[in-house]
Structure formats: C-alpha cells, structure tokens
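K.L.:
First the structure, which I've put down as structure tokens, then a few questions once you've had a look.
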Amino acid sequence: MVHETLAATNAIVVLDVALPSVFWGWIITMNMWAKSVGTGIIFLTFFLLKKYPEQTGFIRFPAVVISIVFIHLFLFFTVIDLHQMFRFWHIFFYPHLTSAITIGAWMATGFVGLLLAMTYAIYMKKDEAMYDKLLGWTTLLAIPVTLYTAGLMAEATARELWQMPTESAQMILAALLAGSATMLLLGGNKFSEAVKKDLALVLGFSAAAAFILYMSEYIFGGMKAEEVAATLAFVKGGEYTAMFWIGQVLAFLIPMALVCLSLKNKSYYLLKIAAVSALVGLWVSKHVWLVIPQLLNMS
Amino acid sequence: MQLGFLVDLHLCMGCKGCEIACKVENEVPLSTWRLRVKYVDVGAFPETKRTFTPLRCNHCANAPCERICPVSALHYLENGIVNIDKERCIGCAGCVMACPYGAIYIDPQTQTADKCTYCAHRIASSMMPSCVVACPVEANIFGDLDDPTSNISKYIQQHQGDVQVRKPEKGTDPHHFYVGGGNVQLNPLASFRGEGHNLFNNLTHIHLGGHH
C-alpha cells in the first residue's frame, strides 16, 4: 500500500487547501435514524398482524401514526440539510433518474401517500380489511425506501467505506432493530408473552447480525482497500474511536445481552431498557459510519 | 469533440498563476477554489525536493457527480465538459460526496455546488481556459482529444509511457491527464497531510449584532 512509502519518501504536504470538513453531519444521521424507525415499525406491524391478528389488532392506528411522524422527521431533516432548501421541488420537476436521491424522494412520497391512506382506512372508515390490504403494499414499498440510502452511499464513489452489499444489509437490519425496539416500547404490557418473545428475538438477532457486519468491516475492511484502511484508522485509535465503541455497545451488545436475560427471566422491564439502548446506540453507530469517510483527504 | 486537459508536471514551477487567473476569471469566492496548486516536499535535508501539482475537476466521461446529482444541475456539454447549472442546484452535496478528486465545493455565497468548468464560457467564444493563458511555461495543454492533430493528442502520443490520470481504479474515465507525475503528486495517501499548511485561514465569518 502506498502509505508504506511514506517512511522512505518523507513526503509531506506543505501548502494546500484545508482538510475537508464534514458535509453530511448529524442532520443526515437524524434522517437515516428516523427513516429506520418509520419503515421498521411498518415491517413489524405487518409481521405481528400476520402472526397474531387477534392479539395485536390494537397496534394498527398507533403504528401508522408513529410511522407517519418518523417519516416526516426523515423528510424534514432531508430538506433542512439542503443548502438551497426552498429548491427542494426541483427534484420533482427536474428529476435525474440515475440519482438515488431522486428515486428515494419519489418512493418516500409514495410511501407517505400509502401511510395516509392507511390512516384514512383505520381512523375515518374503521375498515381493518382495507388497512391490512394497504399494509401489504406499504410493507413492500418500505423495503426500497429503506434501501435507497444504501444506494446513495454506494453512488458516493469517493467514499470507499460505503459499499452497497454491506450498507443495504445494514439498512434493513437498522429498520428491524429500530422497528422492534419502537414496537416494544409502544405495546407495553398489552402484548402477550409470545408477542414479546418474538419482538425480543427480532431485536436480538438484528443487533447480532448488524454487530457482526460492523466487526467484519472493522477487522477485514482495510485488508482489501487502502482508502478503507485509512478511513477505519479514525475508529482504531483515531478521534472517533470512543464514539464508535459507545455506539456498538449501546446499539448491539447491550440489547443482545438484555434480550438473552429477559428471555430467561421473562422480564419485560429489561426489554424496555434494551429497546431504548438500541435506539440511542443506532443513532451513534450510524453517525460515526457517516462521518469518518468524509474526514479522508480526497486530493 | 471531447475536450481534455494535460499538465506536464516537469514544467510546472508552482507559481500559482493558473490559480489566480481562475479566481479572477470565475470570481471564485475566498476560502474556496476551482483550481489550486498543491505543494509536496519530498526527502530529508539536504536531499529535498518540492513538487507542484495543479488540481482541478477531471471532467470524467463517467462522472460520479453527474450520476448522483438529483436535478441534473451537473450535466455534460456536447464537448465533454461537465458543466454546472447553479440556478438548478439544490445544494444537497451529493456531488461533493461522490467526487473522488475532492474537486467540488459549496459556494459560500450562492450556497450551491461549484467546480472547474474548463472555462466553458470562454471556450464558447473560442478562447482558451484562463489557467492555460496564464501559465508562463505552458505546462497546461488543452484541446480536443478526438482530434489527432490537436496539441493535447500529439503531447499524449509523444509521452505515451508517462501519461497518468488520478485514481484510475475508480473507473471515472477522467479527461484530465498528467505527464511526469508520481504517487506523491497524484495519490493523496502517498504524502503526510497535517493541519496548518492551508491556503486559507479559518477567519471566514463575522458575527454581527447580538451580545458578546
């Protein structure tokens, strides 16, 4: 790798522009985090209504409201991150279809439309059958809405750390993690033991799978590409090391441990702590992964 | 016609004439740049050497910035130039994320993306880009890559074994070439980059009004 020549050449930049600043910061982290909750709760609603239609019918209205709130948070943070936010409408009137941003904006708009239709079905018409039919389409659309950010990160050619296969898996896992955590907090003790156990398992397995992916990148990522090695240095003793591990512990390790304990002790209280820890840790983990590739000097 | 650029790094002496000409011609705001010359020192005293590398947009044939732009603000001209429509740009910074050469910036005055356009407005009037005109040693060679009789095509033919592009592994197909460059000049990971050697300082904003 070329950085190994540094000791021999003693090459040092003595005049240049400043090191790059972070363009996609906490606002984009909020965007991704809110979208994980907004789509994740739809996945879990679909799952619970299919598996436990009698016991979980009460979640229909609160679940769709939560999804609407978080999807609008996602859209809000998307718009306020634009340097020219009042030109947001250009995406719809001058669309460029090779851009994941354009495709994502169109899909998210359709997703909001379906959520509003579901709200109409359950709140105005009190029609559960119509709600459930719409939920199927909404769940299908929630998949690409969740994934498009991975496509956007993949299109960011300069940032070698963000690869589509890993990021798409991470996006789906983040949605399942956030969705199951939110559902656990939403359902309270109204859920039966069987439902709580299923939600705990989704939370625990998505945390475990996401943690394995992060660790795989952490340990092996730098072996294949020098830019990835240089990027990961920011979390291997660099300035984001502590934040990276705080995120991993809160988002994945604590929820995994608490899910195991709660399944053994049948303690819903532990599950609530696991859910809160997962939601907080997910934000931190996503933020670190978003920021570190931007610290690398491109030129 | 596919316009391209070549810089002969054997000739460049780091005078920054191109940088200044670009700033003036395109009214590039302070603390930003479309073209700049990077200085890298190599070796240990007394065996040291200073290298100069002009860096600008590579006008890639497979441009990641054009692909990621959600509103086609970044677009191709027929002559191969990757141009920008600042009235259409929404400032999402997707192009900043996508460009592997760090060649795009957000203009602090217009709050839109901006970059080198090979002085497309001058080319429309059959004039050379301002940086080409300003270079006292004619290290910047500009012309039509499709025309075998153009200066740039001839230069590439004459220096075939020594022509390079930056980050070829990215598959961007740059229309910007270098002759006489090495890793130290063309690969940012091949040199140590610390804080404190900046072209501009951080005194960019003044806080007016309010209590202090």
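The values are calculated or read from the model by the stated rules, or taken from the named source; none is laboratory data. In this text, all values refer to a predicted model and were calculated from it rather than measured experimentally. A quick note on method: Cβ atoms are made from the backbone with ideal geometry, for glycine too, and the neighbour counts reach across all protein chains shown.
K.L.:
Quick check on B:N62: is it under 30 Å from A:L97 (Cβ atoms), in contact with a Lys or Arg (Cβ under 8 Å, 6 or more places away or on another chain) and part of a loop (DSSP other than H, G, I, E, B)?
P.N.:
Considered against the rule, which asks whether it is under 30 Å from A:L97 (Cβ atoms), in contact with a Lys or Arg (Cβ under 8 Å, 6 or more places away or on another chain) and part of a loop (DSSP other than H, G, I, E, B), B:N62 comes out as no.
K.L.:
Looking at this structure, is B:C131 at positive phi and either modelled with pLDDT of 95 or more or among the hydroxyl-bearing types (S, T, Y) (or both)? Explain how you work it out, then say what you get.
P.N.:
Values: at positive phi: no; either modelled with pLDDT of 95 or more or among the hydroxyl-bearing types (S, T, Y) (or both): yes.
Judged against the criteria, B:C131 is not a match.
K.L.:
Which one of the conditions (1) in contact with a strand residue (DSSP E or B) (Cβ under 9 Å, 6 or more places away or on another chain); (2) touching a residue at least 60 places away in the same chain (Cβ under 8 Å) does B:K170 fail to meet, given that it meets all the rest?
P.N.:
Unmet for B:K170, out of (1) in contact with a strand residue (DSSP E or B) (Cβ under 9 Å, 6 or more places away or on another chain); (2) touching a residue at least 60 places away in the same chain (Cβ under 8 Å): (1).
K.L.:
Here's another thing I want to ask about it. Can you pull out the residues in segment B:1-13 that are surrounded by fewer than 16 Cβ atoms within 10 Å (Cβ to Cβ) and in contact with a Leu (Cβ under 9 Å, 6 or more places away or on another chain)?
P.N.:
B:M1, B:Q2, listed by residue number.
K.L.:
Take the residues of segment B:80-95 that are within 7 Å of chain A (Cβ to nearest Cβ) and buried (at least 24 other Cβ atoms within 10 Å of the Cβ): which is farthest from B:D173 (Cα to Cα)?
P.N.:
Looking only at segment B:80-95, we keep the residues that are within 7 Å of chain A (Cβ to nearest Cβ), and these are B:88-94.
Cutting the leftovers down to buried (at least 24 other Cβ atoms within 10 Å of the Cβ) gives us B:89-90, B:92, B:94.
Details: B:C89: 24, B:I90: 26, B:C92: 24, B:G94: 19 Å.
If we take residues in segment B:80-95 being within 7 Å of chain A (Cβ to nearest Cβ) and buried (at least 24 other Cβ atoms within 10 Å of the Cβ), then B:I90 is farthest from B:D173 (Cα to Cα).
K.L.:
Can you say whether A:S21 is outside any strand (DSSP E or B), among the polar types (S, T, N, Q) and more than 14 Å from chain B (Cβ to nearest Cβ), as far as the supplied structure shows?
P.N.:
So A:S21 fails the test.
K.L.:
I've got another one for you. Are any residues in segment A:102-129 of a type in the set (S, T, Y), under 22 Å from A:M153 (Cβ atoms) and buried (at least 18 other Cβ atoms within 10 Å of the Cβ), and if so, which ones?
P.N.:
Passing the criteria: only A:T102.
K.L.:
Name the residues in segment B:96-128 that are away from chain A (no Cβ under 14 Å) and among the polar types (S, T, N, Q), would you?
P.N.:
The answer is B:T117, B:S125, B:S126.
K.L.:
Okay, next question. For A:P95, all conditions in the list (1) farther than 21 Å from A:I66 by Cβ; (2) under 23 Å from the mean Cα position of the chain (by Cα) hold save one; what is the number of the exception?
P.N.:
(2)
K.L.:
Quick check on segment A:24-62: of everything there that is over 23 Å from the mean Cα position of the chain (by Cα) and of a type in the set (S, T, Y), which residue is nearest to the other protein chains (Cβ to nearest Cβ)?
P.N.:
A:T56
K.L.:
Which residues, counting only those in segment B:19-48, are among the polar types (S, T, N, Q) and either in a loop (DSSP other than H, G, I, E, B) or more than 12 Å from chain A (Cβ to nearest Cβ) (or both)? Walk me through how you get there before you give the answer.
P.N.:
In the first step, residues of segment B:19-48 are kept if they are among the polar types (S, T, N, Q); the result is B:26, B:31-32, B:48.
Matches in segment B:19-48: B:N26, B:S31, B:T32.
K.L.:
Can you name every residue in segment B:178-192 that is of a type outside the set (G, A, S) and either buried (at least 17 other Cβ atoms within 10 Å of the Cβ) or on the phi > 0 side of the Ramachandran plot (or both)?
P.N.:
Of segment B:178-192, the ones of a type outside the set (G, A, S) are B:178-179, B:183-189, B:192.
Passing the criteria: B:Y178, B:V179, B:V184, B:Q185, B:L186, B:N187, B:P188, B:L189.
K.L.:
Separate question: Kindly indicate which of A:R60, A:R87 is at pLDDT 95 or above, buried (at least 17 other Cβ atoms within 10 Å of the Cβ) and out of contact with any helix residue (DSSP H, G or I) (no Cβ under 9 Å at 6 or more places or on another chain).
P.N.:
Going through A:R60, A:R87 in turn, just one is at pLDDT 95 or above, buried (at least 17 other Cβ atoms within 10 Å of the Cβ) and out of contact with any helix residue (DSSP H, G or I) (no Cβ under 9 Å at 6 or more places or on another chain): A:R87.
K.L.:
Give the number of residues within segment B:183-200 that are free of Cβ contacts under 8 Å to residues at least 60 places away in the same chain and more than 9 Å from chain A (Cβ to nearest Cβ).
P.N.:
Count: 1.
K.L.:
Which numbered condition in (1) within 14 Å of chain A (Cβ to nearest Cβ); (2) free of Cβ contacts under 8 Å to residues at least 24 places away in the same chain; (3) surrounded by fewer than 15 Cβ atoms within 10 Å (Cβ to Cβ) is the only one that B:Q160 fails?
P.N.:
Every condition holds for B:Q160 apart from (1).
K.L.:
Those residues that are touching a Ser or Thr at 6+ places or on another chain (Cβ under 8 Å) and touching a residue at least 40 places away in the same chain (Cβ under 8 Å), I need them from segment A:71-88; list them, please.
P.N.:
A:I71
K.L.:
Check every one of the helices (runs of 4 or more DSSP H) wholly within segment A:55-168 and list those with 3 or more residues that are over 23 Å from A:A34 (Cα atoms).
P.N.:
A:128-155
K.L.:
Report yes if A:V65 is among the β-branched types (V, I, T), crowded, with 19+ Cβ neighbours inside 10 Å, under 30 Å from A:K197 (Cα atoms) and away from chain B (no Cβ under 14 Å), otherwise no.
P.N.:
So A:V65 does not fit the description; no.
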